[in-house]
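For reference, the structure discussed in these notes is given below.
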Amino acid sequence: MAAKKDKKPAIDIGIRAADRKKIADGLSALLADSYTLYLMTHNFHWNVTGPQFNSLHLMFMGQYTEQWNALDIIAERIRALGFPAPGTYKEFVKLASIKEVEGVPSANDMVRHLVSAQEATARTARKLFPVVDAANDQPTADVLTQRLDVHEKTAWMLRSLLEG
């Protein structure tokens, strides 16, 4: 008698499979933007120079550390919805709305790139709210709200460095 193959249990969390897929796809785009932003910020932390070196070096470290921790939260939400989280550079490049910065920009240009990337990540998160709201998915809405708060506040703080 052959052993029965273990069957994967169906997910029944009160969100239809098609809606879970749409949400996971949106979260995958957010994860890709978040990873690209993380990598950009860490790169700038390593390579910033000039009179603002110390303050930017420390600021970028705080930002990339926060961003690194957020990656796990987003990826684990995708997994909780029953889908694999993207995890390769190839997937991230395909899914991200943020383009990589080549070379080593000036300190002020680094700040400009980061403002743009923070805002792009916020837009990616915000775009998912209608799908999440329609599916009555409060845990994902909570993740999106937290990420929006961080990205909008960080963009404001970075923008303030370019004023005056």
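The values are calculated or read from the model by the stated rules, or taken from the named source; none is laboratory data. Predicted model only: the values in this text are computed from it and were never measured. A quick note on method: Cβ atoms are made from the backbone with ideal geometry, for glycine too, and the neighbour counts reach across all protein chains shown.
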message: Taking the criterion of being within 25 Å of Asp133 (Cα to Cα) and either part of a helix (DSSP H, G or I) or of a type in the set (Lys, Arg) (or both), would at least one residue in segment 81-92 satisfy it?
response: no
Subset of segment 19-65 [of a type in the set (A, V, I, L, M, F, W, C), exposed (fewer than 14 other Cβ atoms within 10 Å of the Cβ) and either more than 20 Å from Val101 (Cα to Cα) or modelled with pLDDT under 95 (or both)]: Leu58
- request: Can you tell me which residue among Ile73, Ile98 is of a type in the set (Val, Ile, Thr) and either under 17 Å from Asp19 (Cα atoms) or in a helix (DSSP H, G or I) (or both)?
  value: Ile73
Qualifying residue in segment 50-58 (condition: part of a helix (DSSP H, G or I), of a type outside the set (A, V, I, L, M) and touching a residue at least 24 places away in the same chain (Cβ under 8 Å)): yes
- line: Among the residues of segment 61-92, the number that are without any contact (Cβ under 8 Å) to a residue 40 or more places away in the chain and among the hydrophobic types (A, V, I, L, M, F, W, C) is 2
field: Members of segment 101-113 that are among the hydrophobic types (A, V, I, L, M, F, W, C) and outside any helix (DSSP H, G or I)
entry: Val101, Val104
- request: Could you list all residues from segment 129-142 that are surrounded by 22 or more Cβ atoms within 10 Å (Cβ to Cβ) and more than 13 Å from Gly14 (Cα to Cα)?
  value: Thr140
Filter result for Arg112 (surrounded by 13 or more Cβ atoms within 10 Å (Cβ to Cβ) and in contact (Cβ under 8 Å) with a residue 60 or more places away in the chain): no
